[in-house]
1. Name the single residue, out of those in segment 280-293 being in contact with a helix residue (DSSP H, G or I) (Cβ under 9 Å, 6 or more places away or on another chain) and under 26 Å from residue 249 (Cα atoms), that is surrounded by the fewest Cβ atoms within 10 Å (Cβ to Cβ).
2. Which members of segment 252-290 meet the condition of being in a strand (DSSP E or B) and in contact (Cβ under 8 Å) with a residue 60 or more places away in the chain?
3. How about segment 342-363: which of its residues are surrounded by fewer than 17 Cβ atoms within 10 Å (Cβ to Cβ) and under 18 Å from the mean Cα position of the chain (by Cα)?
4. Quick one: which residue in 206, 186 is touching a strand residue (DSSP E or B) at 6+ places or on another chain (Cβ under 7 Å) and buried (at least 24 other Cβ atoms within 10 Å of the Cβ)?
5. Which one of the conditions (1) touching a helix residue (DSSP H, G or I) at 6+ places or on another chain (Cβ under 7 Å); (2) at pLDDT 90 or above; (3) buried (at least 20 other Cβ atoms within 10 Å of the Cβ) does residue 64 fail to meet, given that it meets all the rest?
6. Kindly evaluate residue 372 against the criterion of being more than 26 Å from residue 128 (Cβ to Cβ) and surrounded by fewer than 24 Cβ atoms within 10 Å (Cβ to Cβ).
7. If I filter segment 86-102 down to residues being closer than 18 Å to residue 195 by Cβ and not in a loop (DSSP other than H, G, I, E, B), which single residue comes out as farthest from the chain's Cα centre (by Cα)?
8. So if I check each of 277, 328, 366, 318, which one is touching a strand residue (DSSP E or B) at 6+ places or on another chain (Cβ under 9 Å), more than 30 Å from residue 139 (Cβ to Cβ) and buried (at least 24 other Cβ atoms within 10 Å of the Cβ)?
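The values are calculated or read from the model by the stated rules, or taken from the named source; none is laboratory data. Note that the structure is predicted; figures quoted are calculated from it, not measured. Cβ coordinates were reconstructed from backbone atoms using ideal geometry, including for glycine residues, and neighbour counts include every protein chain displayed.
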């Protein structure tokens, strides 16, 4: 088999032109070549002797991301020792924002999956959750007991402060802990480590996500929430997901909101993740959710109230919201049964699901149930 095909990439040199700031990910076929590359002068500007900030090492997958012109020069020097792909843009996506809301307490989705019934047994205590997103509002009273430092990949010197809102909403569903004056999430005593990979517009590159996964692996996250997706099947992203999975770090990912049938977004489409679709209050599949046999579990994603910027709360809908319910449920599971492998967790979540109402596909995934998950885990 062609080595480039085995590595999942292209051999043809990238286009040296650089339309609209296009970037490439160049992956080395031999770890030793990657190490030598980092040690030599290729990452330095020849005149100033300073690191080239346009070239970003991606150590988890033994790769670099760089503009097209530099990728072209690199490809000529490496020949058949590397493969490359476009460093595609990727977005966090939810349906149009709902109104700012004043009703708080325990949101319907948290109740629907039966999380409150589990809090006498587990609250997610000390489970480490990486949230790769737009950051989190560190001033939000609902989250002050749950937040750890995390990392801002866009500005390494700053906190991963949210300037979009999406990441704060996700964080609230997972681990808010302010029931009397705000809201409470699925796993209120879990620890959130925000990884800001997306800018204020909710956009990032695949290389940003790879760096985020790398950080989560190196910092020993137990589970990672990735409430975003893309249509393109990135081989570099697949490689990062695989390495996380085999390192014991499970990724929970959203299926997408375009209502497609037989097709879901990536990384949810990779078998090493937990792929999540959305349901409504009636326990039926939400109209907007993408669906296919690749979906592992459905969870509440329609009109979900959660934390928002500047201490507020907002309703939002999307598979992003459903994904955060699943991540919180896994935190409850891991607090009760630490040490479960990603494969074991995925098997428990899927086998414990409640059958969907009026599900057309006989083999369709079911809906999340915390009670059933914990009962199944205790039988292990």
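1. 290
2. Of everything in segment 252-290, those that are in a strand (DSSP E or B) and in contact (Cβ under 8 Å) with a residue 60 or more places away in the chain turn out to be 252, 253, 254, 274, 277, 279, 285.
3. 343
4. Exactly one of 206, 186 is touching a strand residue (DSSP E or B) at 6+ places or on another chain (Cβ under 7 Å) and buried (at least 24 other Cβ atoms within 10 Å of the Cβ), namely 206.
5. (1)
6. So residue 372 does not fit the description; no.
7. Among those that are closer than 18 Å to residue 195 by Cβ and not in a loop (DSSP other than H, G, I, E, B), it is 89.
8. The unique qualifying residue is 277.
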